[in-house]
Amino acid sequence: MVMNRKAVLINCSASKAHPVAKDLKWKEGMTLDNWKKLWRSQTELHLVSGLYSGYNFNQQIKLCELFSTDCFVISAGAGLLNLSDKIPSYDSSFIGDNGPKVGEWNELPMGNLELLANADEIILFCPPQYQLAIKSDIYFDQIKDRLVVGRNSPLSKDVGRVLPIPNRASEILECSQTHLSTKLLKLYLEEGVDGFEQLEKKVTLLPEKRTTRKVNDNELIDVVRDFIHLGGITKIVRAIRDTTDIAASYERIRNARNEILTGMRGEDILLHTKEVDYVKL
């Protein structure tokens, strides 16, 4: 039986578990040659799997482990990484002048798309700048037909499989836009193309988007207070979005909920919510 060997490409995160190495912060005027020299001079190295502390990064690694899927990291300072690679802690991104241009990614000091030679299917839900970065790689043409991306990807015209990702996907998957890539990866690993076709059908059943208004933090706290009895953040977000005209991100609603619970006595918290353990006090 022929096995389909999957590989997942995830992006690095700005947050690190170890302090940035001396001089390994990309600043204005940095050149690729200087960066590579500084990179190679470092002696304190860390496993890639334990270096990045971002939520999406760690959740996506767990998903790859759960589904026995190969995982590689697109790094704005290193190149393409295996989780078992050891690298210095650094500060570099594709935003502004804080790192290389996306077209220079293939010149960074570590690996490239040649690492994916044995993968039959390569799954990619990274932010657009990371997707564009790999297009500059000299091996891109050799792997592009095996790439799986969403319909909103800047690579959608270049790759082998394009998945339907409706604009309101985060509503169906009950997550913030920040965490959407993790939810999409989970959906694909669990249900494949089928899951995305069902996602598109579910979005057509959503009620028409209502007219919303923005509120300041104090007003939002008053709104969240009316729903605090629901307990969990997911239920509160859902209730606000379904029954009010308030426009507020998941993160702002969560912060408002936490502020309310912080100001409540322990007994009151237990009366109002069973999810106190998840509150970041």
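Can you run the Rg to Rh ratio on the chain? Use alpha carbon positions and the Kirkwood inverse-distance Rh.
Answer for the chain: 1.02.
Based on the alpha carbons, how large is the Rg to Rh ratio for segment 21-73 when Rh follows Kirkwood?
Dividing the radius of gyration by the Kirkwood radius yields 1.11.
Counting helices only, and only those DSSP H runs with n ≥ 4, report the 222 nm mean residue ellipticity of the chain as the sum of -39,500 (n - 2.57) divided by its residues, in deg cm²/dmol to the nearest 500.
Counting only the DSSP helices, I get -11000 deg cm²/dmol.
Taking a probe of 1.4 Å, how large is the accessible area per residue of the chain, in Å²?
For the chain, the per-residue accessible area is 55 Å².
Under 26 Å from the Cα of residue 86, which lysines turn up, not counting those fewer than eight places away in the same chain?
Filter leaves 6, 16, 22, 25, 27, 36, 37, 62, 101, 135.
Which of the GluC sites (Glu not before Pro) across segment 54-111 are loop residues per DSSP, with 13 or fewer other Cβ within 10 Å?
none
What does the net charge come to around residue 10 if you take all other residues with beta carbon closer than 12 Å to its beta carbon, with K and R at +1 and D and E at -1?
Net charge in that neighbourhood comes out at 0.
State the percentage of accessible surface on the chain attributable to carbon and sulfur atoms; use a 1.4 Å probe and exclude ligands, DNA and RNA.
Carbon and sulfur together cover 48 percent of it.
Once you have the Cα-Cα distance between residue 32 and residue 176, take 0.36 nm times their residue separation minus that, and quote the gain in nm to one decimal.
Full-extension gain reported as 48.3 nm.
About its Cα centre, how strong a charge dipole does the chain have in debye, to the nearest 20, once Lys and Arg get +1 and Asp and Glu get -1 at the Cβ?
Dipole size: approximately 200 debye.
Residues with beta-carbon under 14 Å from that of residue 53, excluding residue 53: net charge, scoring Lys, Arg +1 and Asp, Glu -1?
+1
Once each part is reduced to its C-alpha centroid, what is the distance from segment 9-62 to segment 108-131 in angstrom?
17 Å
Taking the Cα centre of segment 158-258 as the origin, how large is its charge dipole in debye, to the nearest 20, when only Lys and Arg (+1) and Asp and Glu (-1) carry charge on their Cβ atoms?
Dipole of segment 158-258, to the nearest 20 debye: 220 debye.
Checking the cross-link filter: which lysines have an alpha carbon closer than 19 Å to that of residue 201, excluding same-chain neighbours under 8 positions apart?
183, 186, 209
With springs only between Cα atoms under 10 Å, which of 223, 193, 237 fluctuates most in a Gaussian network model of the chain?
The residue that fluctuates most here is 223.
The values are calculated or read from the model by the stated rules, or taken from the named source; none is laboratory data. A quick note: this is a predicted structure, and the numbers were derived from the prediction, not measured. Note: ideal-geometry Cβ built from the backbone for every residue, glycine included; neighbour counts use all protein chains shown. Accessible surface areas use protein heavy atoms only, side chains included; no ligands, DNA or RNA. Shrake-Rupley method; radii C 1.70, N 1.55, O 1.52, S 1.80 Å.
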